[in-house]
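**Q** Below you'll find the structure I mean.
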Amino acid sequence: MTALGSNKFSVKLIGEVKDGGLAKRLEDSVEALGDNLRVLSLIEVTKPAGKETQIWFLTYPRQALSKTEGTSTGTGDAKTDPKTAIGMWIEAFKHTHPGSEIDLAGNNRLLLSGTHEQVVEMKRQLTLIDTPYPQVQLSLWAVQVSGSDRCIAERTAWIQERIRTTRDRMNQVKALFKDKVRWDCEPGKCSGRRHDIDIQAKKAGLRLDARSSLSLNEALILFLVGERSQDAVAALQKETRNFQNGWALADAEELKEARDCVTLSAPAVPTSTPFPRLAALVAQSPVAHYQDFQDFLAALDKFRDPSDSNAPGNLSRKGAAVDRELKDAMDAFSEDMNELLFTPLMAELRNLAVPRCGDDGVTLVGQSRIVVTSTQRSFLEAQMSSSVETTRPRPFGQALLDKAKGLATPAATPSAIDTAIGALSNSQTFVLAAALLEEPQPTFTELAPGISISVRPTVLPDGGAARLLIDARFGVGTSALNADPARTDVWAQAPPSAIASHHMTTDAAIEAFDLFNLSSFSIQTMAPRRPIYVPILARIPIIGPMFQFPRSPKVTRHESLILANTVILPRSVELQRFYSEDTVSPLAAQAREASDAPK
């Protein structure tokens, strides 16, 4: 340092600079120290920047990488399909970083080549690109009932009422869970683990407010890392048991109402402690969850330094550990909620949908489940087949008389059937008895319930909601299996009424653990019925209509409901993107501000 007078000084920095990137960062750092500085750069690179090569393994590519012709930009460059996400990134990176080379080194392996800075930047970007996407577990329920108008209307109203009641109770339990795990200390004034998490999150650039209104994912994270998690789950179990007792009393009051078409069973008294899986999860390793999250925050803090070459791989490892913790917590919460609310709901729906009041339609209560990766399309198609016997034997007619006449002795006369039968031998009597006791060949009707679901979910950044593109079809096909118009021993029997197809296409935004009605379909059919008539007399010309009595049309009501419930599995990297305030290191931020300032 040399004094120049008038409060001015000259500072000379001496050292070895090996590449231009380091020289640029050094200049930016000096300029960022103040506005009154004048930098006269005489930096020279003492040694040419060398190239290094590393292999990067891709774990979660959206499409498989394959070499294609015509996409190579030079010797050693990656010949990848530019239509894939990784392929487009490769082309973009080579365009913005001249001199860098990326080539395939086998299936889903990349060969990264360039300066040290370029290779580190490749690894940083690949860490954020090659990450597991959030998943959505979608459960769909289909409820279809057909029958008389009055009974079906009453049963459908009760089905919808039970769905609303379950939704309200589910929200009640979720609110209780969030309240029990919410931190009650102000930011910066927490103690113990809460203080450590608060400080580490701020260093990593995350904005976490543990006192605000929480999403389900936020509540699960706080539940895992909190030092009072066992107390929280114990309070959750106690108050949920109080809820269950209140629910049982409310359901018992419903049983007192008189109904014609709905028979409700007495509510089961809860015997097991609610949320056993959450309690077991936090009891198994009360410290490991907290430590994994702390390590992830520390790795995220180091990742903000663009010069740390080990930060990308470390963030991937620590993020994978947090992903496992989140999955375990979500699975435990999901199974406990199913046992608490959804399993009893399905039992009630099956009971409410049982045909009564002479209903002759098909009833369907089914459930399907599919797990889908965010932004990816999945398809499920299931078809089952069963049959019911629909034999309606015709009364004995001319065929039996002809058989009796054929067995009679020659002395018998057509007008003396009794005499003729009395003259039959033992073997002839057995033949006639067999004809009388012969059962008609049975007829069957096929019932073929089917389901097809196409879904593409997009999980929103906070991991607590998702957008669903759903194309679903439910229905029951009915048809006669062995209809033979030449048969004379049975009446023709129409297949039972059913909704053959309920096709729904929608785009819906939903929250995690939100039970909602995706689609409902209601239709009423009226069909004319043949009149009641007096045998023989109704067929006499002219006076026959006097012995025919018309009947009102047959009214059949059909109701179909499609319900959905979702479980969203978030990912650690997605969470840091949503909650991060600034992923740029302080040194890089100062350099950027200095470069933007007027010279």
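**Q** What FRET efficiency, computed as 1/(1 + (r/R0)^6) with R0 = 56 Å and r the Cβ-Cβ distance, is obtained for SER454 and ILE540, rounded to the nearest 0.05?
**A** On the way: r = 61 Å, r/R0 = 1.09.
Approximately 0.40, to the nearest 0.05.
**Q** Now a separate question. What is the sum of charges, Lys and Arg at +1 and Asp and Glu at -1, for the other residues whose Cβ falls under 9 Å from the Cβ of ALA153? Don't skip to the answer; put the middle values down first.
**A** Values: positive: ARG150, ARG155, ARG557; negative: ASP149, GLU154, GLU559.
Result for the local shell: 0.
**Q** Now a separate question. Work through the residues other than PRO528 whose Cβ is under 12 Å from its Cβ and net out their charges, Lys, Arg +1 and Asp, Glu -1. Walk me through the numbers on the way to the answer.
**A** Values: positive: ARG529, ARG530, ARG551, LYS554; negative: none.
Here the charged neighbours net out to +4.
**Q** Would you please give the FRET efficiency between GLN291 and ARG164, computed as 1/(1 + (r/R0)^6) with r the Cβ-Cβ distance and R0 = 35 Å, to the nearest 0.05? Present the calculation step by step, with values, prior to reporting the outcome.
**A** On the way: r = 43 Å, r/R0 = 1.22.
Efficiency computed from Cβ-Cβ geometry: 0.25.
**Q** To continue, here is another question. So, taking all protein chains as they sit and a 1.4 Å probe, how much accessible area belongs to LYS24, in Å² rounded to tens?
**A** 100 Å²
**Q** Let me cross-check GLU446: its accessible surface, 1.4 Å probe, with only protein heavy atoms counted, in Å² to the nearest 10?
**A** 50 Å²
**Q** Given a 1.4 Å probe and the protein chains all in place, what does the accessible area of ILE540 round to, in Å² to the nearest 10?
**A** It works out to around 60 Å².
The values are calculated or read from the model by the stated rules, or taken from the named source; none is laboratory data. Here the structure is a predicted model, which is why all the values come from computation and not from measurement. Using ideal geometry, Cβ is built from the backbone for each residue, glycine included, and neighbour counts are taken over all protein chains shown. Note: accessible area is taken over every heavy atom of the protein model, side chains too, but ligands, DNA and RNA are not part of it. Shrake-Rupley method; radii C 1.70, N 1.55, O 1.52, S 1.80 Å.
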